[in-house]
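The values are calculated or read from the model by the stated rules, or taken from the named source; none is laboratory data. Since we're looking at a predicted model, the values are computed, not measured. Neighbour counts are summed over all protein chains in view; Cβ atoms, including those assigned to glycine, are modelled from backbone coordinates with ideal geometry. In case anyone asks, the SASA skips ligands and DNA or RNA and just uses the protein heavy atoms, side chains included. Shrake-Rupley method; radii C 1.70, N 1.55, O 1.52, S 1.80 Å.
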Amino acid sequence: MGKIGTNMLASKRILLIIGGGIAAYKTLDLIRRLRERGAAVTPVMTSAAEEFVTPLSVSALAGERVFRHLFDLTDEAEMGHIQLSRSADLVVVAPATADLMGKMAAGLANDLASTLLMATDTPVLLAPAMNVRMWEHPATRRNHDQLAADGIRFVGPNDGDMACGEFGPGRMAEPMEILAAIETALGDGPLSGRRILVTSGPTHEPIDPVRYIANRSSGAQGTAVARALAALGAEVVFITGPASVPPPQGVQVVPVESAREMDAAVDAALPVDAGVFAAAVADWRVASASDRKLKKSKDGLPVLEFAENPDILKRVSRLEAGRPRLVVGFAAETNDVVEHATAKRLRKGCDWIVANDVSPATGIMGGSENAVILISDEGAEEWPRMGKDQVAEKLALRIAEALGG
Ligand SMILES: Cc1cc2nc3c(=O)[nH]c(=O)nc-3n(C[C@H](O)[C@H](O)[C@H](O)COP(=O)(O)O)c2cc1C
């Protein structure tokens, strides 16, 4: 298993195909980071990619020549396209354009990049990047599903602000995330061999068969954490209430509705190396939920009595046998965040609390950004406001360190 900060990529060769998207500039950083870790990078650029970054920058950073043209006799004399396609431990496409995904899904091979992708017998990892409408287009959905079924791996895209001024899924994963996905694809993620449980989303507490009490949690942060942990190679059990964002790929999804169902699913998922409890679990349920729809009545309004739900975080934190080595809770507060979250950590007995201020003015609950404070036995560490994906990535790396990544 790899360790963060060591040369797990040393002596690996990456065939890096750069597609024609704005995010190509981030690929320059990826090349630098791969090289820093001792990987060799063979760069290939599409013609469109050359509109965004220059072959000169790419070859200078890679320390190797850039392959650009299929019908370049010099290339064929030096290294034929078939040989090139098989020369690496992993083929990475970053940014993977809608166009490249479409070609791959359809089996087209009309330039060097697409021909290499058809000819290769090495694993392929795509880091898609495109406008949100392009990503959500039914054709891209189909191509994505086809490629996933063909065994192609994906990292990202993330939600976020895009160069085109729009917002949503389509932003290329950050270089560090792609790096982690490369390590995982090479079977060497810092969390490979670790089993981690993540709870996410709201719970629905029934009043009767058609009504329920819920909260505004979208599940975005828990989903991002599960994705980031999986990207580092963890086996993730993702227990989710009815969230408004889809679950990530590559995790075991356990859908639940109520707090009590979540509690039972957590129990069934143990033992795990770490548990991340990001779900917004309802504190109370309706004590005697009706099994028939409540009707209007002349006798007055219904009165709901509440009962306390199981405290999942506390229960797991205080397990005598089989407690995960690391238990991470989340605290959504609207005032005195550090004080309340510090008290919560002690009350529950968990190792870390990821605290955030969810007062409506912050736009955090249901939004795409988060400003968190990590509370541990070392005190409170404030992280700058960043995307929920970046919070997740940073937290996943911390978890990997804590588990001895
Ligand atoms: C300014 C600009 C930005 C673009 N950004 C993207 C992008 O992020 N993702 C994408 O799929 N296509 C993007 N395109 C369109 C591609 O460049 C175009 O589909 C091209 O044919 C892709 O070629 P390739 O797949 O061979 O690299 C962009 C085009 C322009 C003019």
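Quick look at the numbers
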read-out	value
Sole residue being assigned by TED's automatic domain parsing to the domain that holds Asn110, surrounded by 17 or more Cβ atoms within 10 Å (Cβ to Cβ), of a type in the set (A, V, I, L, M, F, W, C) and within 16 Å of the ligand (Cβ to nearest atom), chosen from Phe71, Phe67	Phe67
Number of the exception - Glu166 against (1) charged (D, E, K, R); (2) farther than 19 Å from Ile399 by Cβ; (3) in the same structural domain as Lys394 (by TED's automatic domain parsing)	(3)
Positions within segment 378-397 being among the charged types (D, E, K, R) and either open to solvent by less than 20 Å² (accessible area, probe 1.4 Å) or farther than 13 Å from Val328 by Cβ (or both), in sequence order	Glu378, Glu381, Glu382, Arg385, Lys388, Asp389, Glu393
Residue list for segment 221-246, filter: in a strand (DSSP E or B) and of a type in the set (A, V, I, L, M, F, W, C)	Val236, Val237, Phe238, Ile239
Flag if Val53 is touching a Pro at 6+ places or on another chain (Cβ under 8 Å), at negative phi and β-branched (Val, Ile, Thr)	no
Filtered residue count, segment 286-313, keeping only those that are farther than 15 Å from Tyr212 by Cα, outside any loop (DSSP other than H, G, I, E, B) and either modelled with pLDDT under 95 or open to solvent by less than 80 Å² (accessible area, probe 1.4 Å) (or both)	2
Complete set of residues in segment 112-157 that are under 18 Å from the mean Cα position of the chain (by Cα), within 13 Å of the ligand (Cβ to nearest atom) and in contact (Cβ under 8 Å) with a residue 40 or more places away in the chain	Ala127, Pro128, Ala129, Met130, His144
Subset tally (residues that are in a strand (DSSP E or B) and among the small types (Gly, Ala, Ser)) for segment 143-172	3
Some residue of segment 152-160 being open to solvent by 10 Å² or more (accessible area, probe 1.4 Å) and outside the structural domain of Leu28 (by TED's automatic domain parsing)	no
Any chance Ala109 is over 23 Å from Thr184 (Cα atoms), surrounded by fewer than 20 Cβ atoms within 10 Å (Cβ to Cβ), touching a Lys or Arg at 6+ places or on another chain (Cβ under 8 Å) and hydrophobic (A, V, I, L, M, F, W, C)	yes
Residue check, Thr122 outside any loop (DSSP other than H, G, I, E, B) and among the β-branched types (Val, Ile, Thr)	no
Elements of type strands (runs of 3 or more DSSP E) contained in segment 331-405, each with 3 or more residues being outside the structural domain of Val281 (by TED's automatic domain parsing), touching a strand residue (DSSP E or B) at 6+ places or on another chain (Cβ under 9 Å) and not acidic (Asp, Glu)	none
Residue within segment 336-351 that is open to solvent by 70 Å² or more (accessible area, probe 1.4 Å), under 22 Å from the mean Cα position of the chain (by Cα) and in contact (Cβ under 8 Å) with a residue 12 or more places away in the chain present	no
Yes/no for Arg37 being open to solvent by 60 Å² or more (accessible area, probe 1.4 Å) and touching a residue at least 24 places away in the same chain (Cβ under 8 Å)	no
Of all residues making up segment 123-149, the number that are open to solvent by 80 Å² or more (accessible area, probe 1.4 Å) and at pLDDT below 90	2
Residue identified as at pLDDT 95 or above and of a type outside the set (D, E, K, R) among Ile152, Ile213	Ile213
Failed criterion for Thr54 (all others in (1) within 13 Å of the ligand (Cβ to nearest atom); (2) within 19 Å of Ile22 (Cβ to Cβ); (3) open to solvent by 60 Å² or more (accessible area, probe 1.4 Å) hold)	(1)
Hits in segment 236-265 (condition: surrounded by fewer than 18 Cβ atoms within 10 Å (Cβ to Cβ) and of a type in the set (D, E, K, R))	Glu257, Arg260, Glu261
Total residues in segment 254-285, condition free of Cβ contacts under 8 Å to residues at least 60 places away in the same chain and either closer than 15 Å to Ala331 by Cβ or part of a strand (DSSP E or B) (or both)	3
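Residues are listed down the side, and each one gets a yes or a no for (1) surrounded by fewer than 17 Cβ atoms within 10 Å (Cβ to Cβ); (2) away from the ligand (no atom under 13 Å from the Cβ); (3) polar (S, T, N, Q):
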residue	(1), (2), (3)
Thr46	no, no, yes
Met79	yes, yes, no
Arg86	yes, yes, no
Leu90	no, yes, no
